[in-house]
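**Student:** Sharing a structure below in structure tokens format, with a few things to ask.
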Amino acid sequence: MSSKIIINNNYNSLTITRRTMLGAAASAATLIATNPALAMLEIDITRGNIEPLPIAVTSFFSEDSSATEKGIEISNVVAADLERSGLFRPLNSSAFIQRPSEMHPRPRFVDWRTINAQALVTGKASVGTDGLMRIEFRLWDVFAEQQMTGLIFTSTPESWRRVAHLIADQIYERLTGEKGYFDTRIVYVSERGKPTNRKKRLAIMDQDGSNHTFLTDESYTVLTPRFSPNTQEITYLSYEDGQPVVYIYNIDTGQREALGDITGMSYAPRFHPDGKKVIMTISDSGISDIWTMDLQTRSRKQLTFTSSIDTSPSYSPDGDKIVFNSDRSTQGHIYVMDSNGRNQ
């Protein structure tokens, strides 16, 4: 079985071909694997004080010298991702008995039980004549002596770190039943300088701190960045024109633009769950109300009509409700309304 997924790496779109390693025959697309449903190893994360699972992450073996270093780096990133989750304890490679080159197509499980590994990750890396990297991995249940999952990724060599995070996600999901979060990014405001003259820049990085990049310079203040649902756009507040204005930043192209020609100040932006609208506060003549804007037509709709300060709006996950802050009852309280502004 094979599928193709479009992912994003270093702000440029690329294609990774992902093949599930299931079936009886070993070939370029499939490898011998037992039924993953039979594997018994799992982690219960519904209780506290969980002892991290001992897991052995071996260096991804390569017969190609050009891929050897990348194979080692990929396994290191996978192990680091799993360890940071707090649910896994990667074993020290100095305790490994079997060498990575000896584990294809099947490891000697007794060697891994000897060092108390409950799960085992093996992998292989190679570079094709087209210059693309082929990275395969398998997750094994050491005590049941069964393969739990396995995938083959094909990508550009520059995307090796992204593939490592995807592998860690697959392992995390198979062992915990929860979606992995390693192939994610963080957008934030970087601040430096003297207390009386702080400089703020928009910055982005992978969840493990790698691939750090500044998106704006220090010539103006930026605040409250938020990802769009597809994580390809960021909405944020900028003082680029001397007063707070909501901007949209496209990560792929690096282009930014003010969100509409708005009189007064706009701030506190958030995306709708479908990514087609942005909700924000617009303040004019001392009155702050909540508005939505359609990102395709740039048409606006006002949702609150009070003389109070209504701000900090955010959609519910299904987009049907909006929560916001208001001082309309002389104190600040949290309110809820329908997405069309009714039933406040």
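**Student:** Given a 1.4 angstrom probe, I'd like the percentage of the accessible area of segment 58-97 that is carbon and sulfur, rounded to a whole number.
**Tutor:** Carbon and sulfur together cover 45 percent of it.
**Student:** While we're looking at this one, here's another question. Relative to the first principal axis of the alpha-carbon coordinates of the chain, what is the inclination of helix 65-84, with its axis defined by its Cα atoms, in degrees from 0 to 90 and to the nearest 10?
**Tutor:** Here the helix axis deviates by roughly 60 degrees.
**Student:** Give the Rg (one decimal place) followed by the Dmax (whole number) of the chain, computed from C-alpha coordinates and expressed in Å.
**Tutor:** Rg then Dmax for the chain, in Å: 24.8, 75.
**Student:** Now a separate question. Which whole-Hz ³J(HN,Hα) couplings does segment 246-252 yield from phi under the Karplus relation 6.51 cos²θ - 1.76 cosθ + 1.60, θ = phi - 60°, glycine and proline marked x?
**Tutor:** So the Karplus estimates, Gly and Pro as x, are 6, 10, 10, 10, 8, 5, 5 Hz.
**Student:** Grab the other residues whose beta carbon is less than 9 angstrom from that of V77, score K and R as +1, D and E as -1, and report the net.
**Tutor:** Result for the local shell: -2.
**Student:** How high is the relative contact order of the chain, in percent, with contacts defined as C-alpha pairs under 8 Å that are six or more residues apart? Don't jump to the answer; show the numbers that get you there.
**Tutor:** Values: 749 pairs, mean separation 32.9, N = 344.
The value is 10 percent.
**Student:** What distance in nm lies between label points placed 7 Å from Cα along the C-beta direction at R298 and N230?
**Tutor:** 2.0
**Student:** Students often check this: by mean Cβ neighbours within 10 Å, which of 229-236, 138-145 ranks highest, and how do the rest follow?
**Tutor:** 138-145, 229-236
**Student:** Does segment 76-185 classify as rounded, prolate or oblate by the C-alpha gyration tensor (a ≥ b ≥ c root eigenvalues; a/c under 1.5 gives rounded; else a/b over b/c gives prolate, otherwise oblate)?
**Tutor:** The shape class here is oblate.
**Student:** Among bridges DSSP assigns within the chain, what percent are antiparallel (round to 5)? Write out the running numbers ahead of the final one.
**Tutor:** Numbers: 79 of 87 bridges.
Given both bridge residues lie in the chain, the antiparallel proportion sits at roughly 90 percent.
**Student:** Please list, or write none, the lysines whose alpha carbon is within less than 18 Å of the alpha carbon of K276, excluding same-chain residues fewer than 8 places away.
**Tutor:** K301, K321
**Student:** Counting Lys +1, Arg +1, Asp -1, Glu -1, what net charge surrounds E145 among other residues with beta carbon under 11 Å of its beta carbon?
**Tutor:** On the way: positive: R106, R108, R113; negative: D141.
Here the count lands on +2.
**Student:** For R106, put the label point 7 Å out on the Cα→Cβ axis and report which residues of segment 118-157 keep their amide N under 11 Å from it.
**Tutor:** Taking a point 7 Å out along Cα→Cβ of R106, the residues of segment 118-157 whose backbone N falls under 11 Å are 145-147.
**Student:** Express the accessible area of segment 180-299 per residue in Å², computed with a 1.4 Å probe while the remaining protein chains stay in the model. Mind dumping the intermediate values first?
**Tutor:** On the way: 5780 Å² over 120 residues.
Heavy-atom SASA per residue in segment 180-299 reads 48 Å².
**Student:** Just need the relative contact order of segment 68-146 here, percent rounded to a whole number, with Cα pairs under 8 Å and 6+ apart.
**Tutor:** The value is 25 percent.
**Student:** Could I ask something else about it? Taking a cut-off of 12 Å between Cα atoms, list the aspartates and glutamates near K179, but don't count ones fewer than 8 places away on the same chain.
**Tutor:** D169
**Student:** In nm, what is the difference between 0.36 nm times the number of residues separating D274 and V336 and their Cα-Cα distance?
**Tutor:** Extra length available between D274 and V336 comes to 20.4 nm.
**Student:** What percent do you get for the relative contact order of segment 93-248 when only Cα pairs under 8 Å and 6+ apart count?
**Tutor:** 10
**Student:** Say each of D64 and S314 gets a label point 7 Å from the Cα, pointing the same way as Cα to Cβ; how far apart are those two points in nm?
**Tutor:** A separation of 4.5 nm, rounded to one decimal place.
**Student:** Pop out the carbon and sulfur fraction of the accessible area of segment 234-336 as a percent, whole number, probe 1.4 Å.
**Tutor:** It is 47 percent, rounded to a whole number.
The values are calculated or read from the model by the stated rules, or taken from the named source; none is laboratory data. What you see is a predicted model; the values in this text were computed from it and never measured. Every residue, glycine among them, receives a Cβ derived from its backbone with ideal geometry; neighbour counts consider all protein chains shown. All accessible areas refer to the heavy atoms of the entire protein, side chains included, with ligands and DNA or RNA removed. Shrake-Rupley method; radii C 1.70, N 1.55, O 1.52, S 1.80 Å.
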